[in-house]
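Since the structure comes first, as structure tokens, the remarks are kept for the end.
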Amino acid sequence: VKGADFLVEGASSIAVKFNISQMIIGLTIVSFGTSLPELLVNITASFKGNPEIAIGNIFGSNIANILLILGVSALIRPLPITRNIYFSEIPFSLIATLLVGFLANAALFSDINSLTLSRLDGIILLAFFSLFIGYIYAVHRNNLEASAPEEEYVSRDSIPKSLGLIAIGLVGLYFGGEWVVNGAVKIAGQMGLSQTFIGLTVIAIGTSLPELFTSAMAAYKGNTDIAVGNVVGSNIFNLLWILGVSALIRPLPFDIASNTDIIMIIISSALLLFAVAVGKGARIVRWEGILFILVYLAYLWYLVQRG
């Protein structure tokens, strides 16, 4: 929790000093930092030949990011959704989800009969990730003058201190997420659960704890742009960057049952868009946050039933 606090504080301070919007920081630096546990788990799983954990971790984390993390954050403080997030970043994350689903099911670049995310698929995912980073840079360049810091976010922290806070925060998040996952995997292993189930639930929730703490802390501090940008950015990082790197290390066999989880990611994103559309003003209010959490609990119940 304290690591998340330091990370948000340092990122917000740098955003102010360099005239970078809170949203851009949330979509890049904070998203990268809070995605480190997913990256670590997936690299380890890929090298050890546990592809079910690698894929389940990403799909489960993305579902938890939208339904659980935004749900909890909205309970703390209603979350406004900016025009860029609604019309650009969320649709981009939907495109990334559909791309992963297409590459996994089409098996266009693999001579293996079973469904697989091949190394070439991983390169394609990383190419789309570079397009996303280019888009973020273009948004920042075009809106540099318009993204002046608001008075309440002005910080007296120096650049070295802000960078130090970010570094300490990332270290805290890394070890915190690592310890949670290690403990959860041991408990789940003793209960005889499958790798796919562990990846979608225990590990996905464990590696999403940094996003949960960071977004909840940002919402509590009033930095709601970081809270939302962190979740959307992390989902794009997970699908394009982390899954791309994992497929490069070792092709990932894809279970057709995982298509249900891809559909759940799409449903979650659609629910996010719907919540903004039906509410008063472009924001996620508390009752919608409760709805998100209930849908996530229903999804967990479905996973238990699926086995």
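So how many residues does the stretch 272-307 have that are open to solvent by 70 Å² or more (accessible area, probe 1.4 Å) and within 17 Å of T196 (Cα to Cα)?
Summing the residues that are open to solvent by 70 Å² or more (accessible area, probe 1.4 Å) and within 17 Å of T196 (Cα to Cα) in the stretch 272-307 gives 5.
Quick one: would you say N84 is in a loop (DSSP other than H, G, I, E, B) and open to solvent by 30 Å² or more (accessible area, probe 1.4 Å)?
no
Please go through the stretch 1-52 and pick out each residue that is β-branched (V, I, T) and under 19 Å from the mean Cα position of the chain (by Cα).
V1, V8, I24, I25, T28, I29, V30, T34, V41, I43, T44, listed by residue number.
Would you pick out the residues in the stretch 197-211 that are over 14 Å from G307 (Cβ atoms) and either in contact with a Cys (Cβ under 7 Å, 6 or more places away or on another chain) or open to solvent by less than 10 Å² (accessible area, probe 1.4 Å) (or both)?
Of everything in the stretch 197-211, those that are over 14 Å from G307 (Cβ atoms) and either in contact with a Cys (Cβ under 7 Å, 6 or more places away or on another chain) or open to solvent by less than 10 Å² (accessible area, probe 1.4 Å) (or both) turn out to be I203, A204, G206, T207, S208, P210, E211.
Limited to the stretch 7-48, what total is found for residues that are without any contact (Cβ under 8 Å) to a residue 60 or more places away in the chain and either touching a helix residue (DSSP H, G or I) at 6+ places or on another chain (Cβ under 8 Å) or in a helix (DSSP H, G or I) (or both)?
Residues meeting the conditions: 2.
Does the stretch 193-207 include one or more residues that are out of contact with any Asp or Glu (no Cβ under 7 Å at 6 or more places or on another chain), free of Cβ contacts under 8 Å to residues at least 12 places away in the same chain and not β-branched (V, I, T)?
Yes, because at least one residue in the stretch 193-207 is out of contact with any Asp or Glu (no Cβ under 7 Å at 6 or more places or on another chain), free of Cβ contacts under 8 Å to residues at least 12 places away in the same chain and not β-branched (V, I, T).
The values are calculated or read from the model by the stated rules, or taken from the named source; none is laboratory data. Computed from a prediction, not measured in an experiment: that's the story for all the values here. Every residue, glycine as well, gets a Cβ built from its backbone with ideal geometry; the counts of neighbours run over all protein chains shown. Please note that ligands, DNA and RNA were not included when accessible areas were found on the heavy atoms of the full protein model with its side chains. Shrake-Rupley method; radii C 1.70, N 1.55, O 1.52, S 1.80 Å.
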